[in-house]
Ligand code: F0G
């Protein structure tokens, strides 16, 4: 019951928790927001969190813990080796994911580092439904590369297909037929798919990928960082699985693949990560690297306290009302924006509400950093921090950047419906004044490969003019 039906027939998401610990937030004046942006080089990653009113940059490590999680903190066994916390977490993985072997690793990209080091050699190619930047970087550093296999339906910001993260199975089959298999160490599946607006992959598609992989004798690797949202979408959009519990759905998914890794900053509401599998040889290869790069393999670079928090977070995740908390808020935002004509990625995905900056800022050129400009403008008119997902965070001129998105992430259990309504209101105001959003360019254009934290500069004084117009509206 994470949505309530109101007496006018409409639905509203409702928080299925009450709040017992709070963190104060403040909205600094609009002139100070322009100054904070200056100091941050107009890049939302560089803003100080004390200058942020509502933080929708990411959910990573920022989801709120439950009371049970906070209590579990104190159960930690900090023994260097053989910690009870490790064994409790390994049991939880066995219970929920059915994988016998677990190695903690301090966050998602560190899992990717270990996996790439263990399995990738120069010239290797790894199919994936869609790349995630951290995994792509790890593989490229080792001389390999990813091959995108997303179906066409995922490469557009519109549409209503419920599973836009699906693999193109024919493309995968053709690729495996034509590529020497010693160059294909694994087939990667991302559930859900981050960079295309948090869109989910269907269970049938995961199972089909797994069957193809088995036929060719290639291991499957599943990135479960965003699986909470994906579980919700399978439960609500896949008629065959509507009556299954979250526990049954995640198990069916886990059983279909060989190796699972996750960012525990997302799955598990903690600040950690881990890799699990059944195969002993693969496990020993990964574990040896964890000892070398992360820490002893029973804590893997994490605090044992976070292992306990993550374990209870896995239990929390088995509750459909917890799993739906992000997607229900996101769906509400998407529907409200659509009513107001604000361009968003459809259907609603996970992780956040994604604005389509190409359509929002169509008066700007494709190389004028529409998403970066929109993210800066949103901060000016609301104090809301969001994430640019486009040209400036994809770094390379030639890399796949099919669209310019701005992500308003919805960390679970953190914000209430009044925060969400505020964001909808201010972004709508901005949309009505979108012509005032101007272009951006790199501060130092001589750098060839930019980082997503690099300073970017407005072309002209459009930020100041926008701030003045907002002030005139007398909304604060
Ligand atoms: N895989 C996916 C699908 C992710 O979304 C992330 C992180 C990672 C791996 C890496 O995990 O941050 O623990 O090292 N995504 C964050 C985000 C950063 O906000 O999109 P990590």
Do any helices (runs of 4 or more DSSP H) entirely within segment 92-182 hold 1 or more residues that are more than 20 Å from the chain's Cα centre (by Cα), within 16 Å of the ligand (Cβ to nearest atom) and under 30 Å from residue 292 (Cβ atoms), and if so, which? 108-119, 133-141
Being surrounded by fewer than 21 Cβ atoms within 10 Å (Cβ to Cβ) and in contact with a helix residue (DSSP H, G or I) (Cβ under 6 Å, 6 or more places away or on another chain) narrows it down to one of 158, 98, 154, so name that one. 98
Considering only segment 45-69, how many residues are farther than 22 Å from residue 413 by Cβ and in contact with a strand residue (DSSP E or B) (Cβ under 9 Å, 6 or more places away or on another chain)? 3
Could you identify the single residue in 23, 17 that is within 30 Å of residue 314 (Cβ to Cβ) and free of Cβ contacts under 8 Å to residues at least 40 places away in the same chain? 23
Candidates 275, 250, 234 - the one that is under 24 Å from the mean Cα position of the chain (by Cα), within 27 Å of residue 81 (Cα to Cα), buried (at least 24 other Cβ atoms within 10 Å of the Cβ) and at pLDDT 95 or above: 275
Mind listing just one residue for me: the one in segment 359-411 that is in a loop (DSSP other than H, G, I, E, B) and at pLDDT 95 or above and, of those, farthest from the chain's Cα centre (by Cα)? 363
Hits in segment 242-267 - residues which are touching a strand residue (DSSP E or B) at 6+ places or on another chain (Cβ under 8 Å) and under 21 Å from residue 203 (Cα atoms): 253, 254, 256, 257, 258, 259, 260, 261, 262, 263
Taking the condition surrounded by fewer than 24 Cβ atoms within 10 Å (Cβ to Cβ) and assigned by TED's automatic domain parsing to the domain that holds residue 224, does residue 256 pass? yes
With criteria (1) more than 20 Å from the chain's Cα centre (by Cα); (2) within 16 Å of the ligand (Cβ to nearest atom), residue 209 comes up short on (2)
Take the conditions touching a strand residue (DSSP E or B) at 6+ places or on another chain (Cβ under 7 Å), in a helix (DSSP H, G or I) and not assigned by TED's automatic domain parsing to the domain that holds residue 387 and apply them to residue 195. Does it pass? yes
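The values are calculated or read from the model by the stated rules, or taken from the named source; none is laboratory data. This is a predicted model, so every value here is computed, not measured. Every residue, glycine as well, gets a Cβ built from its backbone with ideal geometry; the counts of neighbours run over all protein chains shown.
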